[in-house]
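Since the structure comes first, as structure tokens, the remarks are kept for the end.
The values are calculated or read from the model by the stated rules, or taken from the named source; none is laboratory data. All values reported here derive from a predicted model rather than from experimental measurement. Ideal geometry is used to build each Cβ from the backbone, glycine not excepted, and the neighbour counts take in all protein chains shown. Surface areas here come from the heavy atoms of the whole protein model, side chains and all, with no ligands, DNA or RNA. Shrake-Rupley method; radii C 1.70, N 1.55, O 1.52, S 1.80 Å.
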Amino acid sequence: MFPETFWCLLSAASAVAQALQTLSLNSNSAFSPDNTPIPPVFTLPAAANLTISIALCSSTNSPPRFFVTNSSDVGVPSSAGGKDVFEIQYMDGLGSWNGSFVNGGVLAVEDLEETSFEVGLSDQDPIHGLLPDDDLPLLGDTTSNQALIFSPAFSRLRYNVPKWPNYTFPPANSSQPHLPSGSPKYTLIVSPTSSTPSLTSLPQTGCMLLSQNPTGTISNESLWHRDANGWRTQWLVEALAPSTNYTAYVIQDSTQVGGPIYFATKSASFTCPLVYALPYCPGVAYPVPLPQPPTTSVSRVYTADNIPEQISTPLLSYLANFTVTLSTFPCGRDMYSPMVTCADCQRAYRKWLCSITFTRCGEPSPENPASFTSTAPDTSATGLSALQPKDPNNPSAPQKVFSALVAQSTDISKARSPTLPAMGNPYSMLLPCLETCNEVDRACPPFVGFTCPTSQFNAAASYGVGYIDGADGDEGQGATGGSQDRWGNICCGNLTARKASLRGKDLRIALGVIH
């Protein structure tokens with residue numbers, strides 16, 4: 001017969017086991033000093049493959065430690081170690097551990113103090129994490145007190161290729177596709193880069209970043225199909241400060257962190273208003289040299305609701321006429337390329353026409369005010385506009401990369417886009433990337449007669465040359481490899497997001513990155 005003390009100990013152990021809080025599979029549980037069990041020990045469900053993710057929701061100089069066991073022979077895992085006891089390692093407030101929990105398991109926390117945290121359990125990928133660099137937020141552009149920012153792309157559309165003999169093109173005045181049946185929930189977080197503490201110094205977790213007070217006012221949040229990459233959530237952020245550096249994150253479903261990206265608002269003297277949300281030009285999301293929008297607008301921006309007809313009507317007419325010409329080719333019956341179709345041609349022409357019609361305003365960086373072309377290039381300008389000549393006094397220094405900004409006068413007769421009304425103020429124009437033109441040249445049948453200038457001759461007079469592709473047309477081998485980057489550099493105008501790598505610190509300084 002067992003002694004009475006044995007039965008007392010057994011009964012106490014059973015009571016502790018029954019008191020442990022059980023975490024559910026495929027769920028996220030949040031804990032703070034107010035609701036964390038004492039002791040902080042949790043029962044884990046049985047699963048053939050279980051991924052545990054940890055996210056710290058508060059800053060601490062002494063982070064807690066998380067221990068897990070998937071063995072029924074271990075009571076409470078701890079820093080004492082032992083067989084089948086594992087510590088979950090984490091960095092920047094994020095950690096995860098994956099294993100088989102056939103009979104369930106136990107998670108225990110040590111040195112918790114006053115730290116808030118979340119625990120995610122999943123039989124697939126970790127609930128908490130960082131989105132890959134390919135899924136960073138995308139900056140549209142800024143004015144002195146506004147910014148257009150897009151979430152990572154999702155729900156990529158499959159374009160239906162028309163068939164002969166009923167080869168039908170989208171109308172010139174096209175509309176947005178039908179909204180996707182489901183979409184991730186994205187939340188935008190913006191804060192001055194110089195704020196204390198800075199967003200980048202905090203645990204890089206959704207719960208931590210969402211607890212911060214955001215800067216600015218989101219005056220519009222909507223879904224937008226910007227390009228072939230798919231849908232995005234777009235935000236118009238207002239009430240920002242001029243000439244200020246900002247850091248931005250996008251949080252997906254409260255647990256996945258995208259970012260950071262960086263951007264700077266323009267100076268207080270910058271007068272070009274934002275133009276965006278044009279269904280027939282879905283990639284336009286930047287300042288354009290136009291008079292200020294009517295004061296009746298809720299936000300001082302141009303959209304499809306108030307863009308002047310003297311701009312939209314000719315653009316739609318040009319696109320409709322081009323489509324009629326393209327339709328004279330037996331599209332869908334005869335092939336002019338094994339890679340592209342007539343539908344690709346129309347899409348490429350639409351992007352080019354929109355970028356030419358809606359001239360893009362820009363501004364040199366205050367840190368590098370000379371990092372652009374101060375006078376308009378001659379019509380016979382040759383060579384790469386991206387790379388400036390080497391410094392003869394320092395020949396070993398790397399070549400600097402200047403943005404494709406060109407100063408413009410108030411003379412509307414000299415404007416690139418004849419349909420834009422006079423703005424009344426001088427401005428700087430960011431030239432479109434040459435690749436925007438080359439895409440049309442490559443996608444369209446030869447009979448339409450669409451040709452582009454070349455980098456060896458006069459392309460640099462009207463396009464940003466050498467940023468994305470190399471001098472000989474090698475894809476992605478230009479000075480930056482893309483039209484913009486996560487640091488706020490926008491090298492040349494491109495309506496399709498093409499991210500630059502900006503190889504090396506010297507290139508970033510030359511472009512005037514502010515962060």
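Run the simple label-point estimate for residue 163 and residue 27 please: 7 Å along Cα→C-beta, distance reported in nm.
Inter-label distance under the simple model: 4.9 nm.
Which residues in segment 61-92 have a backbone N closer than 15 Å to a point placed 7 Å from the Cα of residue 196 along the Cα-to-Cβ line?
none
Sort 123-131, 23-31 by packing, meaning the average of other beta carbons within 10 Å per residue, with the highest value first.
Listed from highest to lowest mean packing, they are 123-131, 23-31.
Could you derive backbone 3J(HN,Hα) for segment 144-159 from the dihedral phi with the Karplus parameters 6.51, -1.76 and 1.60 (θ = phi - 60°), listing whole Hz in sequence and x where the residue is Gly or Pro?
Taking θ as phi minus 60°, the curve returns 5, 9, 9, 8, 9, 10, 10, 6, x, 6, 8, 6, 4, 7, 9, 6 Hz for segment 144-159.
Take each of the peptides 328-339, 107-118, 481-492, average the number of other beta-carbon atoms within 10 Å over its residues, and list them starting from the highest.
The most tightly packed comes first, giving 481-492, 107-118, 328-339.
In whole Hz, what ³J(HN,Hα) sequence does segment 301-312 give by Karplus (6.51, -1.76, 1.60; θ = phi - 60°), x for Gly and Pro?
The phi angles translate into 9, 9, 10, 4, 6, 9, 5, x, 5, 5, 9, 6 Hz.
How much accessible area per residue does segment 42-166 have, counting only protein heavy atoms and a probe of 1.4 Å, in square angstrom?
About 48 Å² of surface per residue is accessible.
What list of ³J(HN,Hα) values in whole Hz, one per residue of segment 439-447 in order, does the Karplus curve 6.51 cos²θ - 1.76 cosθ + 1.60 (θ = phi - 60°) give from phi, with Gly and Pro shown as x?
These are the phi-based 3J(HN,Hα) values: 4, 5, 4, 7, 8, 9, x, x, 5 Hz.
Taking H placed 1.01 Å from N in the peptide plane, check which residues at least 5 places from residue 476 or on another chain put their amide H under 5 Å from its amide H.
The list, which skips near neighbours in sequence, is 469, 470.
For residue 224, what accessible surface area do you get with a 1.4 Å probe? Give it in Å², rounded to 10.
20
Find how many whole Å separate the alpha carbon centroid of segment 198-226 from the alpha carbon centroid of segment 252-330.
Cα centroid to Cα centroid, the span is 23 Å.
Ranked highest first by the average count of other Cβ atoms within 10 Å around their residues, in what order do 174-180, 288-294 fall?
288-294, 174-180
What accessible area, in Å² to the nearest ten, does a 1.4 Å probe give for residue 198?
It works out to around 30 Å².
Ignoring any ligand, DNA or RNA, what whole percent of the accessible area of segment 276-336 comes from carbon and sulfur when the probe is 1.4 angstrom?
Values: 1580 of 2830 Å².
Of all accessible area on segment 276-336, carbon and sulfur atoms account for 56 percent.
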